[in-house]
1. Being among the hydrophobic types (A, V, I, L, M, F, W, C) and touching a helix residue (DSSP H, G or I) at 6+ places or on another chain (Cβ under 7 Å) is true for just one of Ala325, Ala354. Which residue is that?
2. Find all pairs meeting these conditions: Cβ atoms under 6 angstrom apart; at least six residues apart or on different chains; first residue within region 473-484 and without any contact (Cβ under 8 Å) to a residue 40 or more places away in the chain and within 19 Å of Gly445 (Cα to Cα); second residue exposed (fewer than 13 other Cβ atoms within 10 Å of the Cβ) and of a type in the set (Lys, Arg).
3. Residue by residue through region 299-335, note down the ones that are surrounded by 13 or more Cβ atoms within 10 Å (Cβ to Cβ), within 30 Å of Val285 (Cα to Cα) and either away from the ligand (no atom under 16 Å from the Cβ) or of a type in the set (Asp, Glu) (or both).
4. Can you tell me which residue is nearest to the ligand (Cβ to nearest atom) among those in region 336-360 that are in contact with a strand residue (DSSP E or B) (Cβ under 7 Å, 6 or more places away or on another chain), in a helix (DSSP H, G or I) and of a type outside the set (S, T, N, Q)?
5. Given the criteria modelled with pLDDT under 95 and in contact with a strand residue (DSSP E or B) (Cβ under 7 Å, 6 or more places away or on another chain), does Ile237 qualify?
6. Counting just the residues of region 1-32 that are within 11 Å of the ligand (Cβ to nearest atom) and under 14 Å from Val185 (Cα atoms), which one comes out nearest to the chain's Cα centre (by Cα)?
7. Of the residues Ile337, Ile342, only one is touching a residue at least 60 places away in the same chain (Cβ under 8 Å) and over 25 Å from His52 (Cα atoms); which?
8. If you go through region 118-141 one residue at a time, do you hit one that is under 21 Å from His239 (Cα atoms) and within 16 Å of the ligand (Cβ to nearest atom)?
Amino acid sequence: MDRNFDIIIIGGGVVGCAIAREFSRYRINAVLLEKECDVAFGTSGRNSGVAHAGFYMVPGTLKAKTNIEGHRILPGVCRELDVPYEEIGKLVVAKGEDGIPYLEKLKRQGEENGTRELEIIDEERIKELEPGIQGIHALYSPTSAILCPFTLTIALAENALENGMKFSLNTEVKGIQDSNGTFIVNTNNGEFTSDFVVNSAGLYADTISEMVGISTYKIYPCRGEYHILDRSKSDLINHLIYPVPPKDSGGLGVHLTPTVHGNIMLGPSAEYIGDVNDTGNSAEVMATLFREAKELLPEIGRRDFIRSFAGIRAKLISSGSEKPADFIIKEEFDGFINLVGIESPGLTAAPAIASIVVDIVKKKKDLELDSKFNPRRKGIVKFNELPADKQAELIRKNPNYGRVICRCETITQQEVIDALDNPLGAISLNSIKNRCRAGMGRCQGGFCTPKIVEIMEEVFSPEVKDITLKGDGSGLFTGRVKDNPK
Ligand SMILES: Cc1cc2nc3c(=O)[nH]c(=O)nc-3n(C[C@H](O)[C@H](O)[C@H](O)COP(=O)(O)OP(=O)(O)OC[C@H]3O[C@@H](n4cnc5c(N)ncnc54)[C@H](O)[C@@H]3O)c2cc1C
């Protein structure tokens with residue numbers, strides 16, 4: 001790979017990948033550097049997956065502006081990129097009269113921001129929309145939506161790649177020097193140079209800023225833990241269900257979030273922690289989550305949980321701060337564009353943030369549209385979503401569709417092969433899981449992991465000891481103890 005670029009983007013989260021796709025509309029030489037072995041391994045793969053309608057954000061802020069714009073354009077982006085997006089609507093539920101001022105504040109705020117169709121509804125209407133939910137009033141937002149956050153991130157990256165953007169995975173930025181207007185970016189993978197650097201390193205955006213001498217930002221990691229419910233419980237709710245959050249909770253309160261794949265997530269909690277990498281779960285928070293979620297939806301039982309996970313908010317304010325911080329999106333000095341504090345609604349806002357970044361560059365550099373830009377990307381065929389006659393036809397044409405590898409999610413051998421054969425060349429068990437959902441069901445990979453490993457050996461023949469969960473340092477095997485029967 002030639003190492004001299006017009007633009008270097010640091011970070012393969014949803015924001016970096018949206019920026020990469022936006023730049024790929026132009027005839028420009030750009031690269032995205034990501035320290036992990038795949039995109040979406042940071043916060044972008046660890047969130048609620050909600051396209052917020054924009055009523056939580058303080059009017060006039062960049063958060064509000066990019067939220068509203070992102071929410072407006074996301075459905076089209078998802079259609080172009082074959083990413084599931086469902087406008088299921090949201091209820092913010094007040095259990096007592098004391099919650100009503102909060103609902104009214106959200107409605108006022110939303111209307112000022114430009115959120116459409118907000119309505120405060122009564123108990124009877126709540127029961128009509130959500131028979132299992134208890135509350136006396138709710139803010140109803142029919143345009144709030146859900147999407148798959150890792151599919152969106154992967155799809156943005158794949159589409160950018162197809163349109164000429166370069167990606168260098170397993171590439172960690174260690175230092176940046178400004179040499180007479182050219183940036184020299186040092187990584188574990190050698191040196192890269194560019195005229196512009198975009199810092200979209202999420203939880204590490206302050207560390208990257210420090211590399212160019214900017215020490216004004218500090219990220220305060222705030223962990224949000226979740227439980228995931230088995231798909232057998234998908235009928236319990238039809239909408240996103242949020243509570244009136246406890247005062248000073250630092251988040252939106254423990255909510256019930258249906259996913260586009262038919263699970264319901266409970267969470268997230270909000271807890272300031274010391275380590276940006278600590279995505280572990282704690283027994284206390286898990287118990288509190290369960291209790292709070294059960295208050296909203298009494299039918300939930302502990303046996304319904306299939307997995308827990310956590311994501312970390314990149315907050316620019318410490319615990320107890322009164323005022324929320326806004327997104328930082330700006331050119332700090334000639335050619336260095338900083339994105340810091342991109343916490344929620346960063347997933348929703350990503351396409352709008354990308355446009356702002358491209359506009360900043362356009363002021364300095366002529367960008368010529370690439371007439372060959374193709375906005376469309378096709379994802380892997382989802383066998384389990386096809387009607388029976390189409391499934392039979394696929395199996396006739398390709399017997400790999402007739403072998404189910406992940407029984408819980410009905411994922412076939414061909415889908416696993418397609419996931420392995422991904423355009424970015426990302427090879428790890430989590431890369432496969434994020435692309436085709438093998439291992440995401442009730443048994444959490446207990447049944448399909450050995451079969452996926454077999455396919456990796458057979459089709460792509462890496463040494464079994466080189467197969468990892470999520471890249472370097474996460475090896476799963478020390479080697480074979482007996483010959484592969486195949
Ligand atoms: C619990 C929780 C729930 C949320 N729910 C929602 C929601 O429902 N809706 C919504 O709109 N938003 C939500 N968000 C916010 C949203 O997830 C984030 O705003 C968004 O994912 C941030 O994306 P990013 O690309 O900035 O960061 P990331 O996804 O963290 O990406 C940054 C990337 O930079 C890489 N990187 C870091 N340092 C280096 C380096 N030195 N060299 C190379 N690469 C590097 C990292 O590996 C990472 O891949 C939620 C966040 C959390 C924590």
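The values are calculated or read from the model by the stated rules, or taken from the named source; none is laboratory data. Keep in mind it's a predicted model, so treat the numbers as computed, not measured. Methodologically, a virtual Cβ is constructed for each residue, glycine included, from the backbone with ideal geometry; neighbour enumeration extends over all protein chains shown.
1. Values: Ala325 fails: touching a helix residue (DSSP H, G or I) at 6+ places or on another chain (Cβ under 7 Å).
Just one listed residue meets the conditions, Ala354.
2. Phe477/Lys465
3. Selection gives Ile300, Asp304, Phe305, Ile306, Ser321, Asp326.
4. Ile353
5. Details: modelled with pLDDT under 95: yes; in contact with a strand residue (DSSP E or B) (Cβ under 7 Å, 6 or more places away or on another chain): yes.
Considered against the rule, which asks whether it is modelled with pLDDT under 95 and in contact with a strand residue (DSSP E or B) (Cβ under 7 Å, 6 or more places away or on another chain), Ile237 comes out as yes.
6. Only one residue tops the list, namely Gly11.
7. Numbers: Ile342 fails: over 25 Å from His52 (Cα atoms).
Exactly one of Ile337, Ile342 is touching a residue at least 60 places away in the same chain (Cβ under 8 Å) and over 25 Å from His52 (Cα atoms), namely Ile337.
8. Taking region 118-141 as the starting set, the residues that turn out to be under 21 Å from His239 (Cα atoms) are 118-141.
Among the residues that remain, those that are also within 16 Å of the ligand (Cβ to nearest atom) are: 141.
Checked against the condition, which is being under 21 Å from His239 (Cα atoms) and within 16 Å of the ligand (Cβ to nearest atom), region 118-141 yields at least one hit.
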